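Worksheet for the structure shown next.
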Amino acid sequence: MFLTHLECTSCGLRHDAATLQNLCRECQKPLFPTYDFTAVGRVVTRESFATREKSLWRFREVLPLPADVEPITLGEGGTPLLQARRFGESVGVSQLFLKDESQNPTQSFKARGMAVAVSMAKHLGATRLAVPTAGNAGGALAAYAARAGLEAYIFMPSDTPRANMIECRELGAQVTLIDGLITDCGAEIAKRKTAEGWFDMSTLKEPYRVEGKKTLGYELAEQLGWELPDVVLYPTGGGTGLIGMWKAFNEMETLGWIGSQRPRMFSVQASGCAPIVRAFEAASETAAEFPDAHTVASGLRVPKAIGDFLMLRILRKSGGGAITVNDAEMIRITREVGAAEGLFVAPEGAACFAALKTLLSNGSISRDERVVIFNTGSGIKYLDCYAQ
Ligand SMILES: *Cc1c(COP(=O)(O)O)cnc(C)c1O
Ligand SMILES: [Zn+2]
């Protein structure tokens, strides 16, 4: 195992990686796992991965679980990077790619984070896991907790897509519906967790979901022949995937697997919930809570994110940006993507296709660039939105 310690993303304080914990004990900001990359570089090279299993556990040396501990797995990760040729042609982009995360267990990329986080929580002795969710994180926690033989307590807004609620129940989780938003669900867990003995699995409030999500970055590099694209469009809620990918890029550069070039990273949010877009445009370092958050893209309905300062830093440093898409456009473009590419994308993924059109027309992206869109989930979980 190459994990050395956890480091605070804000004040830099070191924390012991062998202890089950959430945020920095000094400043209450997210903790990042840190590895001995010199040692990693001695045992693996870029070529090592070619013959390994497809799942994200192929990157075992840069994941936190000790080598002799069995991961809790359903085969997550290893999703295809598909060329979106027909949609690309329709907008004049010849190198448009789609990372199809709907092919993960529980049909969303939340599986990546939860596979690693549940594996670590079990390894470090947790027995009862709790999570606030806007939808897909609940299903993923329920699945991995079941597989690990642990209890899952899931708090979701009462207007979460029905598929998410039913999925969690059928996977044996305790589901509590809250008349409010994901932030209210998080507050309920925070209030009760000590008395109930729950370990809080909130995104970026525990250190290992980001490690699962960072494998998106490793896979992207590997699938593009250890080059990164020019542009990444990422549908942003809590931001774990964006933050995780950026972490992966830095780790791969440290390992000498890629150079210093980075994609321009764009956050795509819903016009009814766009705290990061607002903060980006206002040039602020953190994002204020977005009032009256609403959107059918439930994964984007995160009015306040603890990793806001990390996301904003990445968007600026990469030369990217942040953009909103309205719900009607997400729903409308789903069929355009589906009919062109054969994939029923989630509204969150659809939003990125709509954003691409806007970014092409305002000159933020040029047509000869290599662009990657993340389809983070499946349209099948959102049937209520496609009633007509
Ligand atoms: C959670 C979720 C997102 C947002 O992901 P973050 O890493 O929290 O920003 C996007 N799309 C779908 C389908 C999701 O479930
Ligand atoms: Zn700190």
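Observations, loosely collected:
- Hydrodynamic radius of the stretch 311-388 by the Kirkwood approach over all distinct alpha-carbon pairs: 13.5 Å.
- Point-charge dipole on Cβ atoms (K/R +1, D/E -1) for the stretch 187-343, about Cα centre, debye to 20: 320
- Using the 1.4 Å probe convention, the accessible area of the chain works out to 38 Å² per residue with neighbouring protein chains retained.
- With 5 Å bins from 0: P(r) over the stretch 17-84, alpha-carbon pairs, percent: 3, 11, 18, 20, 18, 14, 9, 5, 1, 0
- Filtered trypsin sites (Lys or Arg not before Pro), the stretch 44-139: DSSP coil and at most 14 other beta carbons within 10 Å: 52, 54
- The relative contact order of the chain comes to 17 percent, based on Cα pairs under 8 Å that sit 6 or more residues apart.
- Measuring only protein heavy atoms, the 1.4 Å probe finds residue 73 accessible over about 50 Å².
- 20 Å reach of a label modelled at residue 174, 7 Å along Cα-to-Cβ, counting backbone N of the stretch 125-145: 125-135, 137-145
- Translational diffusion of the stretch 59-129, µm² s⁻¹ [Kirkwood Rh, Cα pairs; Stokes-Einstein; 25 °C; 0.890 mPa s]: 171
- Zero-based 10 Å bins, Cα pair distances in the stretch 273-323, whole percents: 28, 55, 16, 0
- Compactness of the stretch 163-294, expressed as Rg and Dmax over alpha-carbon positions, Å: 17.8, 50
- Descending semi-axes in Å of the stretch 73-168, equivalent ellipsoid built from Cα gyration tensor: 31, 16, 9
- Residues of the stretch 1-25 with amide N under 19 Å of a point placed 7 Å along Cα→Cβ from residue 253: 9-10
- Per-residue HN-Hα couplings for the stretch 226-235 [Karplus 6.51, -1.76, 1.60; θ = phi - 60°; Hz; x = Gly/Pro]: 6, 10, 9, x, 7, 9, 10, 10, 10, x
- To put it simply, the accessible area of the stretch 240-388 at a 1.4 Å probe is 51 percent carbon and sulfur.
- Projecting the alpha carbon convex hull of the chain along each direction and taking the average yields 17.4 nm².
- Gain upon complete extension [residue 43, residue 292; 0.36 nm per residue less C-alpha separation]: 84.6 nm
- Stokes-Einstein D for the stretch 260-371, Kirkwood Rh over Cα pairs, 10 °C, 1.306 mPa s (µm²/s): 109
The values are calculated or read from the model by the stated rules, or taken from the named source; none is laboratory data. Since the structure is predicted, the reported quantities are computational estimates derived from the model, not experimental observations. A quick note on method: Cβ atoms are made from the backbone with ideal geometry, for glycine too, and the neighbour counts reach across all protein chains shown. What goes into the accessible areas is simple: the full protein's heavy atoms, side chains included, and nothing from ligands, DNA or RNA. Shrake-Rupley method; radii C 1.70, N 1.55, O 1.52, S 1.80 Å.
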